[in-house]
Amino acid sequence: MKTLLIIDMQNAWLDNPASPCHDTEGVVERINHAAKHVRAQGGKVIFVQHVNADAPLGSPPWQVIPALQQAATDGTVQKLAADAFAATDLADQLAASATSTLYICGFASEFCIDTAVRAAASRPLQVVALADAHTTADRPHLAAPAIIAHHNWVWAGLPVTAGSTLAVCTTAEAFPG
C-alpha cells in the first residue's frame, strides 16, 4: 500500500508573515495533488502534527492549514520531536495499513522532513521524498530554496539499509496526471 505522510503543515509555521515559507502555495497545491492520487488508489494519507509551546494540542496554531484538503479517512499522528516515529504510533499505523511505499512531504525541510526521510529509510520501506512538496523559511545562514535543494541532493545519494529504497522525485513524476 502507498501512504502519504504530510508533516507539520500547521498554522503555527505556515501562517507566519514574519517568517514566510518558500513557495507555500505551490507546495500546498502539490501536496493536495499527491493526497488526491493516493486516496484514489486506495492508499492512506497521514497528517503529522507537531505539539509544542507554539502549537499546543487543539489550539488554532496546532491546526493543519485550511488550504490542505483533509478527508475523514486520513490518519493523524501527534509528535513532540523532529522524528515522526519517536514516541508515536506512526510505525504501528504504517504496519496496520501494510504500507510498502511511503511518500514524505511537508515542513520543515531541514528539520522534521529530513528526520522523517532518514528514519523511514532505516525501515523496510520504499521511501519517496517529494522534492517539490516540502518547504521551509529562510534561515540566518541560508535561503530556503538552497536548503530545499541541498536536502533533495543529500537524500538522492543517501545510503539506506537493506530492504529499503530512497528516491527523490517531483510530485508530477510520482503522481502523473
query = Quick one: net charge of V38's neighbours, Cβ under 9 Å, K/R +1, D/E -1?
reply = +4
query = Within segment 23-55, whose backbone N sits under 20 Å from a point 7 Å along Cα→Cβ of N11?
reply = 24-25, 28-29, 47-55
key: Amide hydrogen neighbours beyond the local backbone of Q10, cut-off 5 Å, H modeled   = I65
key: Nearest-20 debye value, the chain charge dipole, Cβ charges on Lys, Arg, Asp, Glu   = 460 debye
remark   = Applying the gyration tensor rule to the Cα atoms of segment 56-165 (axes a ≥ b ≥ c; rounded if a/c under 1.5, else prolate if a/b exceeds b/c, else oblate), the class is oblate
message = Just to confirm, what accessible area per residue do you get for the chain at 1.4 Å probe, in whole Å²?
response = 45 Å²
query = Counting each DSSP H run of 4 or more residues in the chain as -39500 (n - 2.57), what helix-only mean residue ellipticity at 222 nm follows after dividing by all residues, to the nearest 500 deg cm²/dmol?
reply = -8500 deg cm²/dmol
task = Just grab the label-to-label distance for R118 and A53, each label 7 Å out from Cα along the Cβ direction, in nm (one decimal).
result = 2.5 nm
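Once the Cα gyration tensor of segment 1-130 is diagonalised, what are the square roots of 5 times its eigenvalues, in whole Å and ordered largest first, as equivalent ellipsoid semi-axes? Each step should come with its number before you reach the end.
Values: eigenvalues 93, 54, 38 Å².
So the equivalent ellipsoid measures 22, 16, 14 Å along its semi-axes.
The values are calculated or read from the model by the stated rules, or taken from the named source; none is laboratory data. Just so you know, these numbers come straight off a predicted model, no measurement behind them. Counting neighbours? That spans all protein chains shown, and the Cβs are built from the backbone with ideal geometry, glycine included. The area values use the complete protein model at the heavy-atom level, side chains included, leaving out ligands, DNA and RNA. Shrake-Rupley method; radii C 1.70, N 1.55, O 1.52, S 1.80 Å.
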